[in-house]
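A short reminder: the numbers here are calculations on the coordinates, not readings from a lab. Since this is a predicted model, take the numbers as computed values, not measurements. Cβ coordinates were reconstructed from backbone atoms using ideal geometry, including for glycine residues, and neighbour counts include every protein chain displayed.
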Amino acid sequence: MTILVTGATGKVGRQVVQNLVQHGASVRAVVRDPVKASLPASVEIVRGDLLDVEALRGAFDGVSTLFLLNAVVPDEFTQALVVLNAARDAGVRRVVYLSVIHSDRYVNVPHFAGKFGVERMLEAMGFEATILRPAYFMDNDLTVKDVVSGYGVYPMPIGAKGLAMIDTADIGEIAAIELLRRDRAGEPQPLERINLVGPDTLTGDAVAAIWSEVLGRQVAYGGDDTAGFEKNLLNFMPPWMAYDMRLMSERFLSDGMVPEAGDAQRLTALLGRPLRSYRDFAANIAAAA
């Protein structure tokens, strides 16, 4: 049987594909540009995107399980519903969906609300689904490493409530484990939600302290200026997305991304190893500098 992966060329998608291939799964990927995909040779490539209905119809031929990951774009919700309807038309019942933690609470944040809508549709359409809800990707901080090392400031406005940051490699491995479990199940499995969190819940000051330790010099937390954060983001993303990210950061300040009891232990048991820590992430960056 074949597992269809969307978002296969992104940070998480590549990790998912690699893990599936390593476990001997038959993998097919929908990509916009096969020439630039650079996926393992055993992966079957289908040219198309998540609004290309004809490409999706062909992509689902012979597929048993779907990994649904779509980017933060204005029509994210529409893309997901097109894919889910095409999957249902093809008789695919098993889905692993990459949502986001607190999607049901950050209701004013556009991409959170869109992902929660997809979660509701998975339930309403009767899919056998695992909904993965990751917290903040620690890999996001690769974009600010030069600011941290060059100016001694951690600039992300993450506040004092704390974020349970997780590494994308851990996300990809957990997603692959769930895809294989769903794909190989002999009987229908109930819908399930899993929070994907790291081993530590970190505040802005705590992250700055980690950077101070690994760099061997003082790094300060830049503070909770979400308006300034939005303004900086406008240098490399469209206004609607920068505003979306500002709204998200404001919920970091008011709510945080705090795991539920037992979340980290559950993931550690699932992986059979410890979750990667933010300190390890930062130390690797410092060592490579």
Within the bounds of region 231-238, is there any residue that is among the aromatic types (Phe, Trp, Tyr), closer than 24 Å to Val100 by Cβ and surrounded by fewer than 16 Cβ atoms within 10 Å (Cβ to Cβ)? yes
When every residue in region 97-125 that is among the polar types (S, T, N, Q) and within 18 Å of the chain's Cα centre (by Cα) is compared, the one farthest from Ile166 (Cα to Cα) is Ser103
Of the residues in region 91-120, those that are of a type in the set (Lys, Arg), crowded, with 21+ Cβ neighbours inside 10 Å and not in a helix (DSSP H, G or I) come to Arg94
Go through (1) in contact with a Gly (Cβ under 7 Å, 6 or more places away or on another chain); (2) closer than 25 Å to Met125 by Cβ one by one and return the number of the condition Asn19 breaks. (2)
Could you please let me know if Val72 is in contact with a His (Cβ under 9 Å, 6 or more places away or on another chain) and closer than 27 Å to Asp141 by Cβ? yes
Could you tell me which numbered condition Gly7 fails, if it satisfies all but one of (1) at positive phi; (2) free of Cβ contacts under 8 Å to residues at least 40 places away in the same chain; (3) out of contact with any strand residue (DSSP E or B) (no Cβ under 7 Å at 6 or more places or on another chain)? (2)
Quick one: what pairs do we get from region 129-140, first residue more than 17 Å from Pro199 (Cα to Cα), second assigned to a helix (DSSP H, G or I), C-beta under 6 Å, 6+ apart or different chains? Ala129/Leu122; Thr130/Glu178; Ile131/Glu119
